[in-house]
1. For the range B:72-114, how many residues meet the condition of being over 18 Å from B:T20 (Cβ atoms) and more than 14 Å from chain A (Cβ to nearest Cβ)?
2. Answer yes if at least one residue in the range A:7-15 is assigned to a strand (DSSP E or B) and crowded, with 17+ Cβ neighbours inside 10 Å, and no otherwise.
3. Just checking, does the range A:79-88 include any residue being within 13 Å of chain B (Cβ to nearest Cβ), assigned to a loop (DSSP other than H, G, I, E, B) and over 17 Å from A:K42 (Cα atoms)?
4. With the requirement that a residue be more than 8 Å from chain B (Cβ to nearest Cβ) and either loosely packed, with under 13 Cβ neighbours inside 10 Å or not in a strand (DSSP E or B) (or both), what does the range A:21-40 give you?
5. Could you check how many residues of the range B:23-43 are part of a strand (DSSP E or B) and surrounded by fewer than 16 Cβ atoms within 10 Å (Cβ to Cβ)?
6. So how many residues does the range B:68-116 have that are under 12 Å from the mean Cα position of the chain (by Cα) and of a type in the set (A, V, I, L, M)?
7. If B:D56 satisfies every condition in (1) without any contact (Cβ under 8 Å) to a residue 24 or more places away in the chain; (2) more than 9 Å from chain A (Cβ to nearest Cβ) but one, which is the exception?
8. Please specify each residue of the range B:78-96 satisfying the condition of being buried (at least 16 other Cβ atoms within 10 Å of the Cβ) and under 17 Å from B:D56 (Cβ atoms).
Amino acid sequence: GESVGLHLPTLSVQEGDNSIINCAYSNSASDYFIWYKQESGKGPQFIIDIRSNMDKRQGQRVTVLLNKTVKHLSLQIAATQPGDSAVYFCAENLNTNAGKSTFGDGTTLTVKP
Amino acid sequence: EAQVTQNPRYLITVTGKKLTVTCSQNMNHEYMSWYRQDPGLGLRQIYYSMNVEVTDKGDVPEGYKVSRKEKRNFPLILESPSPNQTSLYFCASSWRLGQYMPGELFFGEGSRLTVL
């Protein structure tokens with residue numbers, strides 16, 4: 001079945017460095033991908049999304065890259081700040097999957113001052 | 001303020017005592033969904049609703065019921081809770097991106113349920 005997986009459960013970076021969080025997906029028919037951030041004690045929050053007809057999308061300090069050839073998604077955070085410390089999830093949506101969203105297990109990002 | 005509101009935020013109950021977790025959104029979203037989050041298992045979808053009076057099972061629907069009588073509300077019902085339903089529950093809503101596909105999800109703050 002479909003699955004969305006993250007390469008590393010934890011990532012530790014120095015404040016000011018760039019962070020890269022990876023996600024692999026198994027279904028080449030996936031249409032739409034979203035990255036969420038979940039801070040401790042809160043619900044997940046939308047960061048950035050990308051459709052399958054795009055390779056790259058940029059937001060404020062964040063960039064999502066989609067490589068459909070190897071079914072890989074990444075989230076790049078520039079100049080990582082302590083406030084970026086959180087759990088990051090990728091989510092996959094398939095237009096044929098009637099409303100189901102599949103989430104990866106999450107990567108915990110820790111930013112060291 | 002656009003938001004998804006869940007109640008209660010925390011609840012300790014006993015096996016077999018029926019409970020309802022309410023969810024309400026003020027964004028006029030068609031799509032609503034319930035998830036449970038457990039350590040090591042990530043977010044798993046319980047039930048979702050594409051619109052009023054339309055509900056469908058997610059990946060882990062056993063032991064749960066839902067209803068969607070109004071657009072803004074999507075309560076989660078545990079008819080006879082068991083200890084394996086101890087979890088952190090999230091309600092979310094979204095507009096529809098396509099015929100079946102939700103857009104970005106707006107999550108509530110979560111409801112931590114303990115079943116003794």
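1. 2
2. Taking every residue of the range A:7-15 in turn, at least one turns out to be assigned to a strand (DSSP E or B) and crowded, with 17+ Cβ neighbours inside 10 Å.
3. The answer is no; no qualifying residue exists.
4. Listed by number, the residues that qualify are A:S26, A:N27, A:S28, A:A29, A:S30, A:E39, A:S40.
5. 1
6. The qualifying residues number 5.
7. (2)
8. B:C91, B:A92, B:S93, B:S94
The values are calculated or read from the model by the stated rules, or taken from the named source; none is laboratory data. For clarity, every value in this text was computed on a predicted model and none was experimentally measured. Counting neighbours? That spans all protein chains shown, and the Cβs are built from the backbone with ideal geometry, glycine included.
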